[in-house]
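Report on one structure; see the data block that follows.
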Amino acid sequence: MNKLRFTRTVIVRLVIAVLAWGFFLSTSQKAEAESGLTDSQRCHVENIYHEARGEGWLGWALVKATVENRVNDSRWPSNVCDVVHQHKQFSWTLNPNKITDIDSYNRISKFVTEGTHSNFNGVTHYHTTAVSPWWAKYYEYIGTAGEHKYYK
């Protein structure tokens, strides 16, 4: 009986150690990715991560362009973080989830920090293809990429 309890205790401690090590690695990888980001870049990365992480380069570029075009338009705040966190503009900001896909986060970080990107014909709005928002009829439709429709 004591041998069984000892074995169970060792297994439980090993499982806890492995889980703790995995958590440590994932948080340190994210910290490494974030360490070289400016505030604007971090806001872009978080927004792209939550809005379009599964859509690849084109989806990422369109989401980034939407924010950049708003920054350059007097109807919105004049900096990236204020645009991203403006009330009810990006749904993920209402109830943010933790960053769990560190590989995607790191790829998006690299994308945001390398080079410049197109403004994609002045795109300022988008929505998922699963909805038909009331405002869409008031803007010029630009096109669909991945799971989003884009407008200006």
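The values are calculated or read from the model by the stated rules, or taken from the named source; none is laboratory data. Here the structure is a predicted model, which is why all the values come from computation and not from measurement. Quick reminder, even Gly has a Cβ in these numbers, built from the backbone with ideal geometry, and neighbours come from all protein chains shown.
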- Pairs with Cβ under 7 Å, 6+ apart, first in the range 101-125 and more than 12 Å from V45 (Cβ to Cβ) and touching a residue at least 60 places away in the same chain (Cβ under 8 Å), second part of a helix (DSSP H, G or I) and among the β-branched types (V, I, T): V123/T66
- Message: Among the residues of the range 59-113, what is the count of those that are touching a Pro at 6+ places or on another chain (Cβ under 6 Å) and under 16 Å from H148 (Cβ atoms)?
- Response: 0
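crowded, with 16+ Cβ neighbours inside 10 Å and on the phi > 0 side of the Ramachandran plot, is that true of F90? Break it down into steps so the answer makes sense when it comes.
Numbers: crowded, with 16+ Cβ neighbours inside 10 Å: yes; on the phi > 0 side of the Ramachandran plot: no.
No, not satisfied.
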- Would you tally the residues in the range 94-133 being more than 19 Å from R70 (Cβ to Cβ) and either more than 14 Å from the chain's Cα centre (by Cα) or of a type in the set (S, T, N, Q) (or both)? 13
- Kindly check whether there is at least one residue in the range 32-50 that is modelled with pLDDT under 55 and part of a helix (DSSP H, G or I). yes
- Item | Among the candidates K137, K98, residue that is of a type outside the set (V, I, T), modelled with pLDDT under 95 and more than 17 Å from H44 (Cβ to Cβ) | K98
- Task: List the number of the failed condition for T129; all other conditions in (1) surrounded by fewer than 13 Cβ atoms within 10 Å (Cβ to Cβ); (2) out of contact with any strand residue (DSSP E or B) (no Cβ under 8 Å at 6 or more places or on another chain) hold.
- Result: (2)
